[in-house]
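Trainee: Here's a structure for you.
The values are calculated or read from the model by the stated rules, or taken from the named source; none is laboratory data. In this text, all values refer to a predicted model and were calculated from it rather than measured experimentally. Cβ coordinates were reconstructed from backbone atoms using ideal geometry, including for glycine residues, and neighbour counts include every protein chain displayed.
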Amino acid sequence: MTPLLDARDVQVRYGSLAALAGVDLSIHDGQRHALIGPNGAGKTTLLNVIAGATRPQRGTVVFGGRDVGRLGPAARARRGINRIHQRPAVFSTLTATENVVVAALPRVIPQRRWRPGGRRRAAQHRAGPLLEQMGLADVASVPAGHLAHGQRRQLEIAMALAGRPRLLLLDEPAAGLSATEVGRLVELLRALPRAVAVLLVEHRLDLVYALADTVTVLRDGQRLAAGTPDEIRTSPLVRQAYADGVA
Ligand SMILES: Nc1ncnc2c1ncn2[C@@H]1O[C@H](COP(=O)(O)OP(=O)(O)OP(=O)(O)O)[C@@H](O)[C@H]1O
């Protein structure tokens with residue numbers, strides 16, 4: 001089966017440091033793939049390369065059968081690669097609904113194109129179900145700046161979903177969340193439609209094992225291991241890597 005995403009031989013250097021030293025990563029449709037590894041292993045760098053935010057010195061990124069290596073983040077988002085960041089990136093003075101509308105606007109096609117405001121209405125139509133899906137229906141009219149951190153995280157995921165992603169990149173979604181908020185996030189992520197594949201970078205292994213069906217372990221810019229959560233959990237190589245230097 002052709003993978004949805006196929007990154008090959010990706011190399012990123014910062015001076016003499018190889019942040020990524022020729023890494024391969026494939027993600028299939030609907031897969032829940034986690035990227036783990038000690039601090040500085042190259043996880044965020046690989047996410048940046050896939051999102052188009054970092055241009056590798058070497059390697060290819062093929063998405064949906066097309067080489068997207070020359071495309072920037074916006075063009076990749078239009079093709080279905082959407083991302084959430086370590087710090088929720090929401091417009092704090094806009095309500096939750098308005099945030100999702102803004103995110104949906106570029107991707108909606110109004111039923112009657114010639115009508116003024118048709119695109120906006122179509123985006124508004126889309127916002128309600130997405131807020132509901134992310135557990136935010138009750139706070140739809142609240143400015144994002146007044147939401148709790150966990151709710152802002154949920155809002156950012158609703159905004160990413162508004163872009164109709166085929167691949168959702170999640171960079172440490174549990175960072176800064178309380179235990180209750182993490183539990184809620186896991187529930188919501190588990191309920192994502194299978195039409196969306198997920199690549200998750202996360203230090204919290206409990207969350208990784210609760211969500212992922214495949215795990216890739218990076219260390220020092222190289223792929224150390226890949227397998228099912230059970231295989232990774234019991235791998236002596238992985239245990240050693242974490243014992244040598246984990247968060
Ligand atoms: N813009 C940059 N300039 C110089 N070095 C960088 C830059 N970005 C990342 N690095 C270095 O590249 C290596 C990989 O960083 P990266 O952030 O990808 O690791 P990570 O696995 O995501 O780590 P963490 O778990 O701590 O977030 C690190 O040594 C980091 O210091």
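Trainee: Give me the strands (runs of 3 or more DSSP E) completely within the stretch 135-240, filtered to those with at least 2 residues that are surrounded by fewer than 19 Cβ atoms within 10 Å (Cβ to Cβ), ordered by residue number.
Mentor: 222-227
Trainee: Please enumerate the residues belonging to the stretch 24-39 that are within 16 Å of the ligand (Cβ to nearest atom) and crowded, with 16+ Cβ neighbours inside 10 Å.
Mentor: L25, H33, A34, L35, I36, G37, P38
Trainee: Further question: Give the residues of the stretch 122-134 that are crowded, with 16+ Cβ neighbours inside 10 Å and not polar (S, T, N, Q), sorted by residue number.
Mentor: A122, A123, R126, A127, L130, L131, M134
Residues checked against (1) within 16 Å of the ligand (Cβ to nearest atom); (2) within 22 Å of H85 (Cβ to Cβ); (3) hydroxyl-bearing (S, T, Y); (4) in contact with a strand residue (DSSP E or B) (Cβ under 9 Å, 6 or more places away or on another chain):
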| residue | (1), (2), (3), (4) |
| --- | --- |
| E187 | no, yes, no, no |
| R190 | no, yes, no, yes |
| A197 | no, yes, no, yes |
| L200 | yes, yes, no, yes |
| A210 | no, yes, no, no |
| D213 | no, no, no, yes |
| Q222 | yes, no, no, yes |
| T228 | no, no, yes, yes |
| Q240 | no, no, no, no |
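Trainee: Please go through the stretch 187-203 and give me each residue that is within 22 Å of V23 (Cβ to Cβ) and out of contact with any Leu (no Cβ under 8 Å at 6 or more places or on another chain), ordered by number.
Mentor: Within the stretch 187-203, just H203 meets the criteria.
Trainee: Here are the criteria: (1) surrounded by 17 or more Cβ atoms within 10 Å (Cβ to Cβ); (2) away from the ligand (no atom under 16 Å from the Cβ). Tell me which single one A21 does not satisfy.
Mentor: Exception for A21: condition (2).
Trainee: Something else now. Out of N82, N39, which single residue is modelled with pLDDT under 95 and within 14 Å of the chain's Cα centre (by Cα)?
Mentor: Of the residues listed, the single one that is modelled with pLDDT under 95 and within 14 Å of the chain's Cα centre (by Cα) is N82.
Trainee: Quick check, is R233 within 16 Å of the ligand (Cβ to nearest atom) and in contact with a helix residue (DSSP H, G or I) (Cβ under 8 Å, 6 or more places away or on another chain)?
Mentor: No, not satisfied.
Trainee: Which pairs have Cβ atoms under 6 Å, sit 6 or more apart or on different chains, and link a residue in the stretch 222-247 that is modelled with pLDDT of 90 or more to one that is assigned to a helix (DSSP H, G or I) and exposed (fewer than 13 other Cβ atoms within 10 Å of the Cβ)?
Mentor: Listed by first residue and then by second, the contacts come to A225/L237.
Trainee: Could you check, for the stretch 139-149, whether at least one of its residues is under 21 Å from A34 (Cα atoms) and modelled with pLDDT under 95?
Mentor: No, the stretch 139-149 contains no residue that is under 21 Å from A34 (Cα atoms) and modelled with pLDDT under 95.
Trainee: Which residues, counting only those in the stretch 116-134, are part of a helix (DSSP H, G or I) and at pLDDT below 90?
Mentor: G118, R119, R120, R121, A122, A123, Q124, H125, R126
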